[in-house]
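Take a look at the structure set out below.
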Amino acid sequence: MARIIGCVTTSHVPAIGKAMAASQQEAPYWKPFFDGFPPIRDWLARERPDAVVVIYNDHGLNFFLDKMPTFAIGAAERYVNADEGWGIPTLAPFAGEQDLSWQLIEHLIGADFDLTTCQEMQVDHAFTLPMKLLWPDGDAPPAVPLCINTVQFPLPSARRVWALGRAVGEAVRAWDSDKRVVVLGTGGLSHQLDGRRAGFINKDFDQRFMRSLVDEPDWATRYSIHELVELSGTQGVELLMWLAARAALGDGARLVHQHYHIPISNTAAGAMALAAA
Ligand code: DHB
Ligand code: FE
């Protein structure tokens, strides 16, 4: 049966893409951010996952406000990146892991999660930038994109997202394959791009949340969506993706590396790698 080796969680600020394209990783503004990633890349190089499930939120590229699935999953042969208005260079298409897509679809729908199944799917910065940060040479393993709506209310509760993540873990472990799977969760940490609180960052909350993924992983499920927005910002609620990725590991997990830097753009940038027990 397939194995989950662990999860990696990262922020996905579009400016990271421009910095990578301009080779600014060593520039004073960027170095403290990019320095968070070599230990995570080293761990991935040692663990050599064969497939990656990328849990992220689409920002209007693939789904717009007129059609907004709460949960959507790709089952495509490849995933094309397109310009989404941030001026980030587009990347080459990403290979899909279609067997795993269908395993997840069958299992998750069988477990009463109402997924939208997408046999064609574009992927935005929330998918592409973490993939490029983790596999800068373009050698990322074949992927399954899994989207959670954090863009248009109503959003799924943290409790529901936790349950989805648990079911993703069960689905992978029930996959009749000897492949090794890593789960990515992209978004957050605290940020708010609009309204009176634009620029809002909550370091104390972010650090408590990151710690919880190690020692009390369902801690954030105590909060309602409105409480999470209050604590982390209207876009900080993207941390739901971290929660789902961590839930997929099951009970125990070992911290491999964690990093936190503020701000990148308007956003608290965090990254964690956790190995499954
Ligand atoms: C920024 C952060 C995001 O999560 C995003 O999707 C877009 C922009 C930012 O901080 O600029
Ligand atoms: Fe975002």
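Summary of values
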{"item": "Pairs, first open to solvent by less than 10 Å² (accessible area, probe 1.4 Å) in the stretch 39-61, second away from ligand 2 (no atom under 16 Å from the Cβ) and of a type outside the set (A, V, I, L, M), C-beta under 7 Å, six or more apart", "result": "Ile40/His257; Trp43/His257; Ala51/Glu97; Ala51/Pro141; Ala51/Pro142; Ala51/Lys179; Val52/Pro141"}
{"item": "Residues located in the stretch 230-253, provided they are of a type in the set (A, V, I, L, M, F, W, C) and either farther than 19 Å from Ala269 by Cβ or touching a strand residue (DSSP E or B) at 6+ places or on another chain (Cβ under 9 Å) (or both)", "result": "Leu239, Leu240, Met241, Trp242, Leu243, Ala244, Ala245, Ala247, Ala248, Leu249, Ala253"}
{"item": "Residue tally, condition buried (at least 20 other Cβ atoms within 10 Å of the Cβ) and not small (Gly, Ala, Ser), over the stretch 62-85", "result": "6"}
{"item": "Selection count, the stretch 237-270, where residues are open to solvent by 10 Å² or more (accessible area, probe 1.4 Å), near ligand 1 (Cβ under 10 Å from one of its atoms) and at negative phi", "result": "2"}
{"item": "Subset of the stretch 125-151 that is aliphatic (A, V, I, L, M) and more than 12 Å from ligand 2 (Cβ to nearest atom) - its residue that is most open to solvent (accessible area, probe 1.4 Å)", "result": "Ala140"}
{"item": "Condition met for Pro154 (surrounded by 19 or more Cβ atoms within 10 Å (Cβ to Cβ), assigned to a loop (DSSP other than H, G, I, E, B) and not charged (D, E, K, R))", "result": "no"}
{"item": "Those helices (runs of 4 or more DSSP H) lying entirely in the stretch 163-277 with at least 3 residues without any contact (Cβ under 8 Å) to a residue 40 or more places away in the chain", "result": "203-215, 225-232"}
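The values are calculated or read from the model by the stated rules, or taken from the named source; none is laboratory data. What you see is a predicted model, and the numbers here were worked out from it, not measured in a lab. Positions of Cβ are backbone-derived with ideal geometry, glycine not excepted, and every protein chain shown enters the neighbour counts. For accessibility, only protein heavy atoms count, side chains too; no ligands or nucleic acids. Shrake-Rupley method; radii C 1.70, N 1.55, O 1.52, S 1.80 Å.
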